[in-house]
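The values are calculated or read from the model by the stated rules, or taken from the named source; none is laboratory data. Remember, it's a predicted structure, so these values are computed and weren't measured experimentally. Using ideal geometry, Cβ is built from the backbone for each residue, glycine included, and neighbour counts are taken over all protein chains shown. Please note that ligands, DNA and RNA were not included when accessible areas were found on the heavy atoms of the full protein model with its side chains. Shrake-Rupley method; radii C 1.70, N 1.55, O 1.52, S 1.80 Å.
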Amino acid sequence: GLALLLLGSVAEQVARLSHASVTFWCCVLAVPTLTRLTDGIRCDSLYLALLAGAALGVVYLVIRPVLRILTFPIGCLTLGLFGLALDPGLIYLMGHYLPGFHVASLQWALLAALFITGVQTIAGALNR
């Protein structure tokens, strides 16, 4: 009985994706989707859109947490509003430094950040 219960628990954990993998895959799939849905975010090819999504996923998993820690005092002073500028800023900078990935303005980067956050929220809720 106990062994079966433990095996069932292990199987549940394997079936669920980790938060990091949900974040990564949401970024990978959201960037090509945004290039099709909007005029302000463009990629030169589908391959570059997937590559930009993977790069954004890595940025969200590695650089964003470090920036959140470093900007914590500013976040406290602005009651957390500075955190809203972090994700669009990262997307906008990627548009400048990643060849083949273009973001027209900060407004489009904000729209992309909101879209990605929405996709992550839905995917995270479905993954529970």
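Numbers at a glance
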item: Heavy-atom accessible area order for Ile122, Ile41, largest first, 1.4 Å probe; result: Ile122, Ile41
item: Principal-axis tilt of helix 106-126 within the chain, Cα atoms, nearest 10 degrees; result: 10
item: Given charges at beta-carbon only (K, R positive; D, E negative), |dipole| of the chain in Debye; result: 120
item: Förster radius 22 Å - calculated FRET efficiency between Gln107 and Arg36 (Cβ-Cβ, nearest 0.05); result: 0.75
item: Calculated diffusion of the chain, Stokes-Einstein form, Kirkwood radius summed over Cα pairs, 37 °C and 0.692 mPa s, µm²/s; result: 206
item: Within the chain, helix-based [θ] at 222 nm, where runs of 4 or more DSSP H residues each add -39,500 (n - 2.57), nearest 500; result: -24000 deg cm²/dmol
item: Surface accessible to a 1.4 Å probe, Thr23 within the full protein complex, Å²; result: 0
item: Probe 1.4 Å, accessible area per residue of region 80-124, Å²; result: 54
item: Extension gain from Ala125 to Ile69, taking 0.36 nm per residue of separation minus the Cα-Cα distance; result: 17.6 nm
item: His96, His102, His19, ranked by accessible area, largest first (probe 1.4 Å); result: His19, His96, His102
item: Solvent-accessible surface (1.4 angstrom probe) belonging to Ile69, in square angstrom, nearest 10; result: 130
item: With DNA, RNA and ligands ignored, accessible area of Ser18 (1.4 Å probe; Å², nearest 10); result: 60
item: Exposure rank, largest accessible area first [Arg128, Arg64; 1.4 Å]; result: Arg128, Arg64
